[in-house]
Amino acid sequence: MIMKLFLLLSLFTFCQGKNTNTWEEEYPFIKNAGSFLSAAKNKEYDYIIVGGGTAGCPLAATLSQNFNVLLLERGGVPYGNKNTSLKNFHINLVDTSPNSPAQSFVVEGVFNVRPRILGGGSSINAGFYSRPSLRSLMELGLDSKLAYKSYPWIEQQIVHRPVLNPWQRAVKNALLQAGITPDNGYTFEHLYGTKISGTIFDKDGIRHGAAELLKSANPKNLDVLIHATAQKIVFDHSSGKPRAVGVIFKDENGEQHEATLSNNKKSEVILSSGAVGSPQLLLLSGIGPKSELEQMNISVVLNNQFVGKGMADNPQNNLIVPFNKPVEQSLVQTVGITREGVYIEASSGFGQSPSSIHYSHDNSTSVEEQNEELPHEAYNAGGIVFKVFNPLSTGELSLNNTNADDIPNISFNYFSNPQDLQQCVNGYHIVEKLVNTKYIAEFMQPGNDTFPKLLNLTASETFNLIQKTADVTTSLEKYCRQTLLTFWHYHGGCHKGKVIKPSYEVIGARGLRVIDGSTFVQSPGTNPQATLMMLGRYMGTKILRKRLGKAAGV
């Protein structure tokens, strides 16, 4: 049943990174963390970035133009991994082994993952690339002029125009017929109506995530250590406010090392470990609610009651549409941006190559044995999925223990706010309109060709650990709660004005910033990866300009 769950979930999920056989030559600055003793032990850095994810990679690439940068990533590389392609998209969620690129966890019965690979979420997601609205940028407190200059820097390197397959075209036409208008065509911009947007998969289905942005780095100024799990930030308390001076991390062999900043007062540790990793590392380093830290016997560096608070996740709900004919695999390529508080997207099927399986749910079963568990046929169905925009339901993150490898305690309190639940109901009303269009009807199997039948079919599948009641389909409110999934767009935990300043500097500390999705009050746009990558480039540019002025060259 769990296997079936993950295979079905893979219709809507993540991937990994770029596929190339020569990544060591292209990225000579990437080394295993265990090489630190010989390569960088006595080296001091202007910036230490913790987390080589969606924001961390463009941030490191930008800062390296003028300064020495160390990037610490707890996962491996996406390059050369056969499962990073579109065809083998589902492998990441199936793989629950200790070194999986997608570290699994469950919140309130909902399966979720935290990226554990260079490139972060951009290495394991569905690839959709779309900017947020201007209003969203303003709410983030960003300079729109610099933001709109930073997006093209990303788009020119890794973003592609998708070629719509029949299912994506059908959903696009159905959205328009259902009144999700106008037809905005192909655009990165966030506009009400229906549109096609970019993808980080190329025409051959190869992923080009944030890790590839490291090609823009100055290789002489950048060291990237993979399998480097940060344990805590090191502080100097000699001058009043605590100043970050280094990071203790563990390598692939379990050995601990300390990377240090240069003595320049403008040198910084920057956390880009995501909405789970950044607040977790602040807590492990002694920044957070005093009572919680003392319970874990962690010395209090800064008492801040807001660290880990205000966590939110955008609920996903869906409808499975079994096809009456073979349809090629596709991930998100088109979106309906509605005025009812939901964004509607689609996917279809998945493929699999027996030669590229790297799945392991434990260390005792061989890959060959596991191949027998996995189907080798395409899943001949489509998914219509929708995301609740800007959920008002929030939760929090707290330490489960002091092991940086473990997932902390997390709550999102899904649908605790009635407005979120109503938006989900609105989403199903729109999906019903889509199912009743001629465009979707052309794909439906006899016997599974009405909205009620598809609701029953979808409810019969095990998408989560939430118990379903016999009357689940009698109320859309119940249906929303019991068939809940995630869009993996969780955010919060280090909000501006509470944990960080508008400059992203940690309140009460020196030489320490947080630059990632933990700073978001809401997930920007339909899918946040474009803005996370932009934020890395944007803040790298801001930091360089402040230190060097016009001499920064950005």
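Working from Cα pairs under 8 Å separated by at least six residues, relative contact order for region 488-546 is 32 percent.
So with the 1.4 Å probe, I'd like the accessible area per residue for the chain, rounded to whole Å².
Numbers: 20370 Å² over 554 residues.
Per-residue accessible area for the chain comes out at 37 Å².
Net charge in the neighbourhood of G336 (other residues with Cβ under 14 Å of its Cβ; Lys, Arg +1, Asp, Glu -1) is +2. Here the sum of -39500 (n - 2.57) over DSSP H runs of 4 or more residues, divided by the residues of the chain, equals -7000 deg cm²/dmol at 222 nm, to the nearest 500. Partner lysines whose Cα lies under 21 Å from the Cα of K290, excluding those fewer than 8 positions away in the same chain, are identified as K232, K241, K309, K496, K498, K501.
Using the Cβ of N400 as centre and a radius below 13 Å, the other residues enclosed give a net charge of -4, where K and R count +1 and D and E count -1.
Summarising the overall dimensions of the chain from its C-alpha atoms, the Rg and Dmax are 22.6, 74 angstrom. Of the solvent-accessible surface of the chain, computed with a 1.4 Å probe and all protein chains present, 48% belongs to carbon and sulfur. The alpha carbons of region 391-521 stretch over 64, 31, 27 Å along the principal axes, in descending order.
What's the magnitude of the charge dipole for the chain around its Cα centre, counting Lys and Arg as +1 and Asp and Glu as -1 at the beta-carbon? Answer in Debye, nearest 20.
Values: 50 positive and 47 negative charges, 435 e Å.
Magnitude of the dipole: close to 2080 debye.
Put the Cα centre of region 268-311 next to the Cα centre of region 181-220 and the gap is 33 Å.
The values are calculated or read from the model by the stated rules, or taken from the named source; none is laboratory data. Computed from a prediction, not measured in an experiment: that's the story for all the values here. Reconstructed Cβ throughout: ideal geometry from the backbone, glycine too, with neighbour counts over all protein chains shown. Quick note on the areas: whole protein, heavy atoms, side chains included, nothing else; ligands and nucleic acids left out. Shrake-Rupley method; radii C 1.70, N 1.55, O 1.52, S 1.80 Å.
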